[in-house]
Amino acid sequence: MSNAIDAVRSKAVKGPGLKVPGIIVLQFLLIFIFEALEYTFTEVGFFTGLAILVSFLGGLYLGRPGTSFTNAVNPPIAFLISTLLIMVTIGGAGFSPGEIGLELITTLSSVAPWLITGAVIAWAAHFALMRKYSRK
């Protein structure tokens, strides 16, 4: 697993890579843009799920060494914040707690498999990288 991660990192961007704030902004914007587009035309689901998975992998690919924890933790938080922002603005739910709660649960259930899959990959990569760095 560690050799595969090294191969991915060696083909990543030439230079030091993204710091923690860069990964946070990258993941939030990617999830927000795809979720807003999908929410405008249909219900949130497939494309937002792919954006979540790509944000996990993009953070691993573009991040500096030592940013794997942020990469594993941030996408679910970014998804929650972007969902709340979209529901209040584009969704037209306003600040009604009943509507926001029901819509939040519906949206979360539609992308849960993508969140779980991405989290498993990101946490496995984080622990593999931590093991690699602790041996040096």
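Quick note: the coordinates plus some simple rules give every number you see, no bench work behind them. Keep in mind it's a predicted model, so treat the numbers as computed, not measured.
General observations
- Residues whose placed amide H lies under 5 Å from that of Gly63, excluding near-sequence neighbours: Leu18
- In plain terms, the chain from Leu80 to Ile116 could stretch by 11.5 nm, reckoned as 0.36 nm per residue minus the Cα-Cα distance.
- Span-like helix ranges in the chain, DSSP H, alpha carbon extent 24 angstrom or more, Kyte mean at least 1.0: 20-41, 68-89
- With contacts taken as Cα pairs under 8 Å and at least 6 residues apart, the chain reaches a relative contact order of 33 percent.
- Share of Cα-Cα pairs in the range 2-135 lying beyond 17 Å, as whole percent: 58
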